[in-house]
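The values are calculated or read from the model by the stated rules, or taken from the named source; none is laboratory data. All values derive from a computational prediction rather than experimental measurement. Glycine gets a Cβ as well: all are built from the backbone with ideal geometry, and neighbour counts include every protein chain shown.
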Amino acid sequence: MSFNLKVCRGEDKMEVIKNPSPEAIEQAIDGIIPAAFHFVILEANSRLNGCGCIQTIIKWDDKPQIDYMVEAHFKADGKFTYYRHYTTDADWLKKLFRLFALDIIPDVEGWEDATADVLRQIEKSRKKKDG
């Protein structure tokens, strides 16, 4: 399986790493800060049991801890489903990304179905672009 690791470190600052090493995945996650346009996406070039990518961003709040939001995107029968989970465990998050790079999809049991929220955000973004 082939993967692309997309690391964004600010608006218009996207780095793409083809078939990233475990070290590159960990460095990308370690480098995220709670700011706009700072996120990491690991995309499979072919869907794994319907899962096309996982992504993470740090949740913006004033807590003295780092809260990661992670999402897994699935597509089956032309229908998209987005699952979301929050964690403060960076080691767990890194392991999740490394396993995905080994063709193991996340177990989303107990994760929030965020499909409606994500689709609203996409529509809002489209309307903003259209003026």
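Observations on the structure shown:
- Members of the stretch 30-66 found to be β-branched (Val, Ile, Thr) and farther than 20 Å from Ser2 by Cβ, listed by number: Ile32, Ile33, Thr56, Ile57, Ile58, Ile66
- Within the set Asp67, Asp77, the sole residue that is over 20 Å from Thr115 (Cβ atoms), among the acidic types (Asp, Glu) and modelled with pLDDT under 95 turns out to be Asp67.
- Residue within the stretch 60-73 that is out of contact with any helix residue (DSSP H, G or I) (no Cβ under 9 Å at 6 or more places or on another chain), hydroxyl-bearing (Ser, Thr, Tyr) and closer than 22 Å to Pro22 by Cβ present: no
- Within the stretch 7-22, the set of residues being out of contact with any helix residue (DSSP H, G or I) (no Cβ under 8 Å at 6 or more places or on another chain) and either under 20 Å from Gln65 (Cα atoms) or surrounded by fewer than 18 Cβ atoms within 10 Å (Cβ to Cβ) (or both) comprises Arg9, Gly10, Glu11, Asp12, Lys13, Met14, Glu15, Val16, Lys18, Asn19, Ser21.
- In the stretch 63-98, the residue that is surrounded by the fewest Cβ atoms within 10 Å (Cβ to Cβ) out of those that are without any contact (Cβ under 8 Å) to a residue 60 or more places away in the chain and assigned to a helix (DSSP H, G or I) is Asp91.
- Look at the stretch 3-22: where a residue is within 11 Å of Leu42 (Cβ to Cβ), no partner that is in a loop (DSSP other than H, G, I, E, B) and among the basic types (Lys, Arg) sits 6+ places away or on another chain with Cβ atoms under 8 Å.
- The single condition from (1) crowded, with 16+ Cβ neighbours inside 10 Å; (2) in a strand (DSSP E or B) that Ile25 fails is (2).
- Count of residues meeting criterion [in a helix (DSSP H, G or I) and surrounded by 12 or more Cβ atoms within 10 Å (Cβ to Cβ)] in the stretch 100-116: 2
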